[in-house]
Structure formats: structure tokens, C-alpha cells
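Written out below as C-alpha cells is the structure these notes cover.
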Amino acid sequence: MPKPPPIRAREVVRVAESIGFVFDRQKGSHAVYYRVSDGRRVVVPMHGTKDLKLGTLRGIIADLGMTIDDFIARL
């Protein structure tokens, strides 16, 4: 499994929206996106200009229902 590159929350949101996720709500710095077609939800920590930690990014990618390779291809 390849290691994903350093990525910011905005880039994750762009990929999520490209596969059908829409913004639901935000509480503090955590934005919730959902996809109507299958009811999936994903929480993205919007921590400004900092890159997401590797474990957090891998969890978000799994929540999106994607592999790391698919995610990198959509960047």
C-alpha cells in the first residue's frame, strides 16, 4: 500500500465533492460531508493550513470508500 503524500483538508474536500459528497454541517473545526446515494458520512478536520496526519488521512480515505491509489489519482 503506497504512502499518501502530505495533504491539506481542502484537497480532501475537493476529492470528496468530486465523488458525490456534499457539505452537511460543521461544528468547530470538523466539517461533515455525506453522500445521498449510499448514506456514507465522512468527517474532515479543517485545521487551517496544516497537513493532515497520516493516520487521519488513511481513515478519511477509508470512510470515502476509496483506496489510496484511487484517492491519489483524483488529486
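Quick note: the coordinates plus some simple rules give every number you see, no bench work behind them. Since the structure is predicted, the reported quantities are computational estimates derived from the model, not experimental observations. We place every Cβ from the backbone using ideal geometry, glycine too, and count neighbours over all the protein chains shown.
Taking H as built 1.01 Å from N, whose amide H comes closer than 5 Å to the amide H of residue 46, not counting residues under 5 places away?
The answer is 30, 31.
Report the residues of the range 1-39 in range of a label on residue 58: point 7 Å along Cα→C-beta, backbone N strictly under 19 Å from it.
1-9, 12
Subtracting the Cα-Cα distance from 0.36 nm times the residue separation, let me have the gained length for residue 3 to residue 36 in nm, one decimal.
Length gained between residue 3 and residue 36: 8.9 nm.
Order by neighbour count: 67, 49, 56, fewest other Cβ atoms within 10 Å first, most last.
Listing 67, 49, 56 from fewest to most nearby Cβ atoms yields 49, 67, 56.
Return 44, 22, 13 ranked ascending by Cβ neighbour count within 10 Å, so the fewest neighbours appear first.
22, 13, 44
For residue 41, what is the net charge nearby, where nearby means another residue's Cβ is under 12 Å from its Cβ and Lys, Arg count +1, Asp, Glu -1? Before the final figure, lay out the partial values.
Values: positive: 25, 35, 40; negative: 24, 38, 63.
Result for the neighbourhood of residue 41: 0.
If r is the Cβ-Cβ distance from residue 19 to residue 46 and R0 is 25 Å, what FRET efficiency results, to the nearest 0.05?
0.85
Please work out which option in [x] 22, 14, 13; [y] 35, 21, 12; [z] 18, 16, 10 gives semi-axes √(5λ) of the Cα gyration tensor in Å calculated from these coordinates, and answer with its label.
Here semi-axes √(5λ) of the Cα gyration tensor in Å agrees with entry [z].
With a cut-off of 8 Å between alpha carbons and a minimum separation of six or more residues, what is the relative contact order of the chain in percent?
With pairs under 8 Å counted, the relative contact order is 33 percent.
What aspartates and glutamates does residue 50 reach when the alpha-carbon gap must be under 13 Å and sequence neighbours fewer than 8 apart in one chain are set aside?
Excluding near neighbours in sequence, the set is 11.
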